[in-house]
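First the structure, in the form of structure tokens, and then the observations on it.
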Amino acid sequence: MIPCGRALLYAEPIYLQAVRSPMPELRVVVLALQDRLAYVPTFEAVLTDLFGGGVSSVSPTEPARAASAAAAPQLAADPNSLIAEAAKDLADYQRLTAEGRLGEAGQKLEELKRTIDKLNAR
């Protein structure tokens, strides 16, 4: 769960355990924010689907929202650059956590939250 404005962004990686491989394989990343849900194979792609104007896989009202978002004035930040920034923040957070640099990892998590807030403001 990641706080995102007044809402919570729920992120869930779904892995598949192969019979012949000891390592599970990431199959799908699920993101949910209020009444929006998206799931695709990568974190960056699911952010694009959820915030970048992609059509939700469960909500029939999402195309109308995407159309109204396209008609709204553009904010300073391009959604694709924000999505790339969020993906980089997540990768940095994971790397720093694995290295045991938890203070720096916490800072990256805060940066990720701010980036997601910017995406949500769109």
- Would region 45-56 turn up any residue that is of a type in the set (D, E), surrounded by fewer than 17 Cβ atoms within 10 Å (Cβ to Cβ) and at pLDDT 65 or above? no
- Task: For region 17-28, indicate whether the set of residues that are at pLDDT 90 or above and surrounded by fewer than 16 Cβ atoms within 10 Å (Cβ to Cβ) is non-empty.
- Result: yes
- Of all the residues that make up region 65-122, how many are modelled with pLDDT of 85 or more and part of a loop (DSSP other than H, G, I, E, B)? 3
- Which of (1) touching a residue at least 24 places away in the same chain (Cβ under 8 Å); (2) under 11 Å from the mean Cα position of the chain (by Cα) does D35 not meet, given it meets every other one? (2)
- Task: Just one of (1) of a type in the set (K, R); (2) at pLDDT 85 or above; (3) surrounded by fewer than 17 Cβ atoms within 10 Å (Cβ to Cβ) trips up R36, so point out which.
- Result: (3)
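The values are calculated or read from the model by the stated rules, or taken from the named source; none is laboratory data. Bear in mind that the values here come from a model prediction, so they are computed numbers and not experimental data. Note that we place each Cβ from the backbone using ideal geometry, even for glycine, and neighbour counts take in every protein chain shown.
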